[in-house]
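I have placed the structure first, in the form of structure tokens, so that the comments after it can refer back to it.
Each reported figure results from applying straightforward, stated rules to the coordinates on display, with no laboratory input. This is a predicted model, so every value here is computed, not measured. Positions of Cβ are backbone-derived with ideal geometry, glycine not excepted, and every protein chain shown enters the neighbour counts.
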Amino acid sequence: MSGALKRLNLQLPQNHPVFRYPPRIRAKVAREWLDLGMRLAAIEERLAKLEERGAVPSASGADNGEGKKIDPIKFRETLAGVFDF
């Protein structure tokens, strides 16, 4: 990380999952979640562009023996459940 750090004042509901962590590590966890969310958003954008071009087979396509496929919609729903979005 380069340069000076900036503060972000963020209000969350009392039952937000970040409050399951001790106060001394909460900020670190929140930063990690923000970074992960940013990376996931970028992946979703790239995937949407590939889907628009037809470069990605639909999630309902038949398995061609190359291993188990990930359903992006179910994956997103699972993450939403884990992080209580």
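Residue-wise HN-Hα couplings along segment 21-35, as the Karplus relation 6.51 cos²θ - 1.76 cosθ + 1.60 with θ = phi - 60° gives them from phi, are 9, x, x, 5, 10, 4, 4, 5, 4, 4, 4, 4, 5, 4, 5 Hz; Gly and Pro carry x. Rounded to whole numbers, the Karplus 3J(HN,Hα) couplings from phi for segment 42-54 are 5, 5, 4, 4, 5, 5, 4, 5, 5, 5, 4, 7, x Hz, using 6.51 cos²θ - 1.76 cosθ + 1.60 with θ = phi - 60°, and x at Gly and Pro. Near the amide H of His16, within less than 5 Å, lie no amide hydrogens of residues on another chain or at least 5 residues away, with H placed in the peptide plane.
In order along segment 8-17, the Karplus-derived 3J(HN,Hα) couplings, from 6.51 cos²θ - 1.76 cosθ + 1.60 at θ = phi - 60°, round to 10, 8, 10, 9, 10, x, 4, 9, 5, x Hz, and Gly and Pro are given as x.
In this structure, Glu45 and Asn15 have a Cβ-Cβ separation that, at R0 = 22 Å, corresponds to a calculated FRET efficiency of about 0.15.
The orientation-averaged projection of the convex hull spanning the C-alpha atoms of segment 1-51 amounts to 5.4 square nanometres.
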